[in-house]
1. Report the accessible area of Cys100, computed with a 1.4 Å probe over the heavy atoms of all protein chains in place, in Å² rounded to the nearest 10.
2. Could you pull out the trypsin sites (Lys or Arg not before Pro) across the stretch 123-190 that fall in loop regions by DSSP (anything but H, G, I, E, B) with no more than 14 other Cβ atoms inside 10 Å?
3. For the chain, take the longest principal axis of its alpha carbons; what is the angle in degrees between that and the long axis of helix 92-106, to the nearest 10 within 0 to 90?
4. At R0 = 45 Å, how high is the FRET efficiency between Glu173 and Lys81 if r is their beta carbon distance? Nearest 0.05 is fine.
5. Could you list the GluC sites (Glu not before Pro) in the stretch 1-63 that lie in coil according to DSSP, counting only those with at most 10 other Cβ atoms within 10 Å of their Cβ?
6. What FRET efficiency would be calculated for the residue pair Val12, Thr224, taking the C-beta separation as r and a Förster radius of 35 Å, to the nearest 0.05?
7. For the stretch 2-238, compute the number of Lys pairs whose alpha carbons are separated by less than 21 Å, excluding pairs fewer than 8 positions apart on the same chain.
8. Roughly speaking, what is the stretch gain from Ala161 to Arg199, that is 0.36 nm per residue apart minus the C-alpha to C-alpha distance, in nm to one decimal?
Amino acid sequence: MKITFLGTSHGVPERDRYCSCTCVSTAGGRYLIDAGGPVADMLIRKEIALAEITAIFVTHMHGDHVNGLPAFTDLISWYFKTADPLIHLPDQTGVNALKCWNAAVLGSAVRDIRYEVYREGVIYDDGHMRVTALRSRHYDLSYSFKLETEGKRVVFTGDLAGPDIDFPRFCFEEDCDAVICEAAHFPTTKAAPVFEKCRTKNIYINHISPRQAPSIEELLASGTPYNLIPVYDGYEAEI
Ligand SMILES: [Zn+2]
């Protein structure tokens, strides 16, 4: 699978970073984790057709993870009509809001878009990609995701309350090909002992706050028994 980091910023966009959005590409489809930032624009610039997006998984309803959806759902309603992703949100309120926004913008041209409100557990399995959600304590309804496809396993932490409080247990229970960890809500150095317990050789640092950037540099300089890889917008990882 290929992971393309489209937006790697923390809660607000930076000069060189959009808010959270990551595209996971496999032989069987493409999937988005979070939809902050101008998702449709980012996909178009990467020459990824909107119709190729099989499903979208939003970790939680904070704006930097979901604010790209009003524009995305508008565009697939009237222009990119062959796009038909299954959009997973943790809160029915978000589904209602998107339907309301689409109705306001599109009037009678509004179309049925497929939404799924998920809870903890296996939330998606199309026979090629399986996604499991695990609650985190970052927000009322916030989740980490485990993605399994093509014999590989990748964990997205999503936003956390802290590395030692609610780091997803997936990372300790099973071998993972990669862990994608946020770097906005705690110094990355504070996560070092937790990273060492993760059953992976590759830890990608995403959702980067400038406030925490020195701690990423500090951990990189100290040397780690795993690959520590801070990512930027446009970074691609072959897993
Ligand atoms: Zn958040």
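The values are calculated or read from the model by the stated rules, or taken from the named source; none is laboratory data. None of these values were measured; they are calculated from a predicted model. Every residue, glycine among them, receives a Cβ derived from its backbone with ideal geometry; neighbour counts consider all protein chains shown. Side chains are part of the model used for accessible areas, which takes the heavy atoms of the whole protein and leaves out ligands, DNA and RNA. Shrake-Rupley method; radii C 1.70, N 1.55, O 1.52, S 1.80 Å.
1. 90 Å²
2. Here the sparse-neighbourhood loop sites are Arg137, Arg169.
3. Orientation of helix 92-106: about 40 degrees from the principal axis.
4. Computed FRET efficiency for Glu173 and Lys81 comes out at 0.60.
5. Sites meeting the loop and neighbour criteria: Glu47.
6. So, using R0 = 35 Å, E works out to roughly 0.80.
7. The number of close lysine pairs in the stretch 2-238 is 11.
8. Numbers: separation 38, 0.36 × 38 = 13.68 nm, distance 2.10 nm.
So the extension gain works out to 11.6 nm.
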